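One structure below.
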Amino acid sequence: MSVELDKSVNQSTQMAFLIIEVMAEIGKPVALSDLARRIGAPKVRVFRFLRTLLSLGYVLQDPDTEKYRLSYKLYHLGQALADSTDILREARPVMVELRDATGFTVSFSQMEPTGMRILDMVRTEQPVAIVTRPGALLDFHASAQGKIALAFGDARLPEEPLRQWTSETPTDPAAIAAEVQAVRAQGWAEAPNQTLQGVTAVSAPVFDMNGAFIATLTIAGPTNTIGSPPAPRFIEALKGAARKVSTNLGNTDQRS
């Protein structure tokens, strides 16, 4: 087997994934020479990529046989993707209901080490609400989603100075800590004009069947429409939707 790489895209990335795919297809420890022969690439080139994959923890090498095999890191990544897909399947209908009930764009986000990743969005026709897209990573301190993660998850603010997105972005750790304490008590968080001037986001936590924080449900729209503090009807609609997603995931603790 000799593979012709696509020269229009990054060939190093192609080779790394090709090695992973071929090793998965083989399904057992493989020697460098056999792997190189299977791929149709020079041993020295395959070795270089294997060393990188080893350093990243995606490949392991038996010290006795010197053969290579895939680690369980890929399995855990796949499992995390499957879990996220299942969660989104449960969340999506509720997101549509919340969008229709409030008239605002609704997003669903999960926590990563450095911020909140938007996984899905249900949009409205309001142009001002379309300011972030699925895949965007939001800072903990400057987003409603991040404040929920600080309050209910194990998120931590970075040690370096916090980025000032707008004139209203909070950057004082003590003030943020006080706000997070209030968020924990009330079950929702807001970020008016803190990532983008004129736009407010309001978030509530989603919990899994064990009561652990796993995601946020968020409405976003014009600050002058949502209000600051947000109008009670929007808060209740949001919290009710987050509770519904949590219940769909098997959670019986209605603290959100």
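The values are calculated or read from the model by the stated rules, or taken from the named source; none is laboratory data. Bear in mind that the values here come from a model prediction, so they are computed numbers and not experimental data. Glycine also receives a Cβ, built like all others from the backbone with ideal geometry; neighbour counts cover every protein chain displayed.
Numbers at a glance
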{"quantity": "In segment 92-118, residue farthest from residue 206 (Cα to Cα) [restricted to those that are surrounded by fewer than 16 Cβ atoms within 10 Å (Cβ to Cβ) and free of Cβ contacts under 8 Å to residues at least 40 places away in the same chain]", "calculated": "100"}
{"quantity": "Condition met for residue 171 (polar (S, T, N, Q) and closer than 26 Å to residue 99 by Cβ)", "calculated": "no"}
{"quantity": "Among (1) at pLDDT below 95; (2) closer than 22 Å to residue 115 by Cβ; (3) of a type outside the set (Lys, Arg) - the single one residue 225 does not satisfy", "calculated": "(2)"}
